[in-house]
Amino acid sequence: MLTRDAVMKAAARSIVYGIETGTNARIVVGTDFAGAWSVSNGALITSGPTSFAQGKTRFARAKGRTLLTSENGVCDMPLPGTGAIAYRAGLPQPSQWWGYLQAGGSGWLANNTCVAYRFTIFRTLSDGTTMESAPTPPLVFRNTTGAGSYITFISPPGLAYTPWTVGGFDVIKTGDMLRIYRAPRLLAATGTPSDEMRLRAALPITVSGGGVASVPLFTDDLGDNQWNGPELYTNTRREGIGQARLRPTYARDVAPYQGRMMYAGYRSPQRVAVTCKSIGDITDPQQSICSRSITVTTTGPSGAACSP
């Protein structure tokens, strides 16, 4: 069946792919077979994928969304009559924020204490379900100023969430939130604060022309007993099991986590060199799930031996 589309006709495109989204409503992809592509939902999609491989591009409907694969990645297509911007289907890890200590206020971050934060991007979809990005690495503040302080955050230089447009996609939209998670205060200036963080604040993101995102500045002057937000690791990202925001395995000895090795009580990835020393028989094969025993030595990043 031939589908009429004013955008494709005006751009001299031949329709290659398409999906019906309702009565006389469809999204189509067309090309002039010379490398020029257009995507239409009745109107020209002005921001979105720019390159397609014939035979590999597919549409799918999921959770009220129309998803389209392209050589630039998977995008969330706007339904006919709802806009002309195709957003990347997932959410990026946000840029790391900065901050500094300020003396005064409630002084909740007392002298000789420290605290850690992580940041995520959060979105509520049209059907009410939510999506959250992977968190940033921890941002640690150590108070050795001699006085109780609080923290003022600074967004990345020039609001370095730009370019939010990647591969032709706008990946952040107005209405998304920057979530700030905070660990309990550690009563020592040295050491590593807990990674059992809770939501401290959610700041609205506004996207202006050119994909520049702006976020309000934030000052944290509440002690540990004055807030109790949802836990950071309660839910997965809902964007695929391989990118779940799960708490890293606690490694008393050695444990794998997302393709990396955790070891010796650490919750952060480390480089470990493993050397096989010997392979022998199991003393009682009936009492083991292994048929051979293996003895190895491991060396951590500082050259110190680790006990597997």
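The values are calculated or read from the model by the stated rules, or taken from the named source; none is laboratory data. In this text, all values refer to a predicted model and were calculated from it rather than measured experimentally. All Cβ positions, glycine included, derive from the backbone under ideal geometry; neighbour counts span all protein chains shown. Side chains are part of the model used for accessible areas, which takes the heavy atoms of the whole protein and leaves out ligands, DNA and RNA. Shrake-Rupley method; radii C 1.70, N 1.55, O 1.52, S 1.80 Å.
Name the single residue, out of those in the stretch 87-106 being open to solvent by 30 Å² or more (accessible area, probe 1.4 Å) and modelled with pLDDT under 85, that is nearest to Ser40 (Cα to Cα). Checking each candidate, the answer is Tyr87.
Within the stretch 93-136, being more than 18 Å from Leu186 (Cβ to Cβ) and either small (Gly, Ala, Ser) or touching a His at 6+ places or on another chain (Cβ under 9 Å) (or both) holds for Ser95, Ala103, Gly104, Gly105, Ser126, Gly128, Ser133, Ala134.
Scanning the stretch 18-72 for residues that are in contact with an Asp or Glu (Cβ under 9 Å, 6 or more places away or on another chain), surrounded by fewer than 14 Cβ atoms within 10 Å (Cβ to Cβ) and on the phi < 0 side of the Ramachandran plot yields a count of 3.
Residues that are open to solvent by 30 Å² or more (accessible area, probe 1.4 Å), touching a Lys or Arg at 6+ places or on another chain (Cβ under 7 Å) and in contact (Cβ under 8 Å) with a residue 40 or more places away in the chain are absent from the stretch 107-115 altogether.
With the structure loaded, tell me whether Ala84 is surrounded by 12 or more Cβ atoms within 10 Å (Cβ to Cβ), touching a Ser or Thr at 6+ places or on another chain (Cβ under 6 Å) and within 25 Å of Thr130 (Cα to Cα) or whether it fails that test. For Ala84, the condition - surrounded by 12 or more Cβ atoms within 10 Å (Cβ to Cβ), touching a Ser or Thr at 6+ places or on another chain (Cβ under 6 Å) and within 25 Å of Thr130 (Cα to Cα) - is met. Going through (1) closer than 20 Å to Arg142 by Cα; (2) at pLDDT below 90 one by one, Ile205 falls short only on (1).
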